[in-house]
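As structure tokens, the structure follows; a few thoughts come after it.
The values are calculated or read from the model by the stated rules, or taken from the named source; none is laboratory data. Treat the numbers as computed from the prediction; the structure is a model and nothing was measured. Methodologically, a virtual Cβ is constructed for each residue, glycine included, from the backbone with ideal geometry; neighbour enumeration extends over all protein chains shown. Side chains are part of the model used for accessible areas, which takes the heavy atoms of the whole protein and leaves out ligands, DNA and RNA. Shrake-Rupley method; radii C 1.70, N 1.55, O 1.52, S 1.80 Å.
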There are 2 protein chains.
Amino acid sequence: MTLLLSQLDLGTFLRIFIKRYLFKKFSFRILALMEVPKNAELTTDIDRQLNFYQKEDQVLLAVDCIIFGFDKTNLKILLIKRNFEPEKGKWSLIGGFLKKNENLDQAATRVLNALTGLSDIYMEQLYTYSKVDRDPGQRTISVSYFALIDVDSYQFDGIQIESARWFDLNEAPNLIFDHEEMIQKAIARLRRRAMTMPIGFELLPEKFTMRQLQNLYESILGKKLDKRNFINKVNSLDVLVKLNEKDMTVSRKGAYLFVFDKEKYEKKVTEDGFSFKL
Amino acid sequence: MTLLLSQLDLGTFLRIFIKRYLFKKFSFRILALMEVPKNAELTTDIDRQLNFYQKEDQVLLAVDCIIFGFDKTNLKILLIKRNFEPEKGKWSLIGGFLKKNENLDQAATRVLNALTGLSDIYMEQLYTYSKVDRDPGQRTISVSYFALIDVDSYQFDGIQIESARWFDLNEAPNLIFDHEEMIQKAIARLRRRAMTMPIGFELLPEKFTMRQLQNLYESILGKKLDKRNFINKVNSLDVLVKLNEKDMTVSRKGAYLFVFDKEKYEKKVTEDGFSFKL
DNA sequence: GCAAATAGTGTAAAATCGACACATAAAATT
DNA sequence: AATTTTATGTGTCGATTTTACACTATTTGC
């Protein structure tokens, strides 16, 4: 136990000690404070150099993840029942707060991993929501991310959270805050991306049938597609490999399985300026 | 001068006193500190009730505006020379900090207005930048916005800032922080938007010639377009009105002026599901 | 009145899109 | 063993959209 004595003003104090507080095993308890006029001279020049923006407001920064999944038939979204205030017990997107020593992508990855156990997931930043009263708890700005996972690749053991559930897009419950708005924007982005980038494969198992791929696109776009036109188009892109293997679970005849050839795709992009368009 | 005595740990202390520090006339000087193990119990319940997310880190939130302009020939970007630390004297985007009582759109509008005097400007949120060390001054997260204005509609009186300047896109100076990355992303967004939304007109004066419109699109896309194909396409959209008035400043023959019929456009969108595509 | 400079105009070939129907393979049933 | 069932797999043609391309018209300055 150490006793420190200081004449620094609060701003300076924070800047100097906050890192120790965050990264070391010890924190500090304040034993004595002196209130002084705020416009009093800063005591040190070091102060100026350490902190330029001292008079600005700070806010909490959250990340919220819109997690899309595909169960070989329908596009789904993963929601949780909040087990903390405010709005405890209501359905919500999976979220968390940005920490000092990470960037937003890392925060989103961490939050998703903490709640699903999954890593190496496709994620993309979407939009930042900042309505003054969006969170009744405290002024919070939230950055939304969307994530794509194959529902079947991860079995819910209920280990991570007992209150998480997949919902069909149109039967999702009412959500807290502005989370429904976030989902709408995420769907729009997903639609655009699916047409111009090979991200659909993130939602499918490694091996998939043409029918599954078409179902996926129909779910994403919310409309039926013509089977032959779809297959012709996909084939013309020339980034799938047809396996000598059939999925016999759905039809008597069986359907050939395909895999997405990511290396071939990337080679085409860099060498031929190829761009994925469906 | 008041003397306070407290047993709060640092986290609690911050939450309770930071508002006074920020909003009132007084600040505090710390006279004595005690270092204690970090996992020590919180002292008050009041604490919990005051703030749901009390253990979370707060950050500064900035907005940075990528302001595009068009001088009837070239696409330009507005930059300022910073007159404050850090990086004083270097070129930078126009930016500022989010305040407690406004949302991000309002902050962006305020910042742009403060520095150019312009209001009613097309703005759109782009992306949020959060690298831990992006701003050496302090942990700052920045939300970028892009704005579109007609260079000629606003004469720089040098009133607002003497150090602001329009730069051609490819002759912009080195910028601070991650501002160049922001600009690259903004250009990409502008290209996409220009092809699918009638935002190009924000960059032109109310009356413009076909050639100016084509020059604008060529600047945005960074490539030459075929004159006849361009005009045919624009005409097929049927949202411009040809005036009985010519711009005689460029050619001997003179070129007819056009205006964008916003009402017609919006009517087509809502009534016929029309979508602008160039 | 002639030179200069930019405006303005149409067509044909190529590529892409969208609609559309039937034979096939294998399992399940009889 | 024959039949029924069910989803798979495959190609063409017309419509639409995109691209390439060249000459005349108008007015001012000389």
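Which whole-number percentage describes the relative contact order of the stretch B:59-196, with Cα contacts under 8 Å and a sequence gap of 6 or more? Please list the in-between numbers first.
Working: 231 pairs, mean separation 45.7, N = 138.
Value for the stretch B:59-196: 33 percent.
Which FRET efficiency value, to the nearest 0.05, do you get for B:A188 and A:N244 by plugging their Cβ-Cβ distance into 1/(1 + (r/R0)^6) with R0 = 56 Å?
Values: r = 41 Å, r/R0 = 0.73.
Between B:A188 and A:N244 the formula returns 0.85.
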What does the structure give for B:57-66 when I average, per residue, the other chain Cβ atoms found within 10 Å of the residue Cβ? 5
What does the accessible area of B:H179 come to, in Å² to the nearest 10, when a probe of 1.4 Å is used? 0
For a test of the definition: using alpha carbon positions, the gyration tensor, and the 1.5 limit on a/c, classify the stretch A:57-196 as rounded, prolate or oblate. rounded
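Given contacts defined as C-alpha pairs under 8 Å and at least six residues apart, what's the relative contact order of the stretch A:206-278, whole-number percent? Mind showing how you got there, number by number?
Working: 64 pairs, mean separation 25.0, N = 73.
Reported as a whole number, the value is 34 percent.
Within a 10 angstrom radius of each residue's Cβ in B:117-128, how many Cβ atoms of other chains show up on average? Whole number is fine.
Working: counts 0, 0, 0, 0, 0, 0, 0, 0, 4, 2, 5, 11.
Across B:117-128, the average partner-chain Cβ count within 10 Å equals 2.
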Average the reciprocal distances over every distinct pair of alpha-carbons in the stretch A:206-278, invert the result, and give the Kirkwood radius in Å. 13.3
Going from most exposed to least, what order do B:S251, A:S119, A:S144 have by accessible area with a 1.4 Å probe? A:S119, B:S251, A:S144
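When only DSSP loop residues count, what trypsin sites (Lys or Arg not before Pro) in the stretch B:188-275 have their Cβ near at most 12 other Cβ atoms within 10 Å? Spell out each step's value before the answer.
Values: sites: B:R189, B:R191, B:R192, B:R193, B:K207, B:R211, B:K223, B:K224, B:K227, B:R228, B:K233, B:K242, B:K246, B:R252, B:K253, B:K262, B:K264, B:K267, B:K268; in loops: B:K207, B:K223, B:K224, B:R252, B:K253.
Sparse-neighbourhood loop trypsin sites (Lys or Arg not before Pro): B:K223, B:K224, B:R252, B:K253.
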Compare the peptides A:165-172, B:106-113 by average per-residue count of other Cβ atoms within 10 angstrom and give them in order, highest first. B:106-113, A:165-172
Would you please name the GluC sites (Glu not before Pro) within the stretch B:179-244 that are DSSP coil residues with at most 12 other C-beta atoms within 10 Å of their C-beta? B:E206
Please give the FRET efficiency for B:K100 paired with B:K267, using the beta carbon to beta carbon distance and R0 = 35 Å, rounded to the nearest 0.05. 0.30
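Across peptide B:95-106, how many C-beta atoms of other chains are within 10 Å of each residue C-beta, on average? Walk me through the numbers before you get to the answer.
Details: counts 0, 1, 6, 7, 4, 6, 3, 3, 8, 5, 2, 2.
What the average comes to for B:95-106 is 4.
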For the stretch B:101-106, in order, what is each residue's ³J(HN,Hα) by Karplus, 6.51 cos²θ - 1.76 cosθ + 1.60 with θ = phi - 60°, in whole Hz (x at glycine and Pro)? 9, 9, 8, 5, 4, 5
Between A:R165 and A:F84, what is the spin-label point distance in nm, taking each point 7 Å from the Cα along the Cα→C-beta axis? 2.3
Roughly how many Å is it from the Cα centre of the stretch A:235-278 to that of the stretch B:67-102, as a whole number? 46
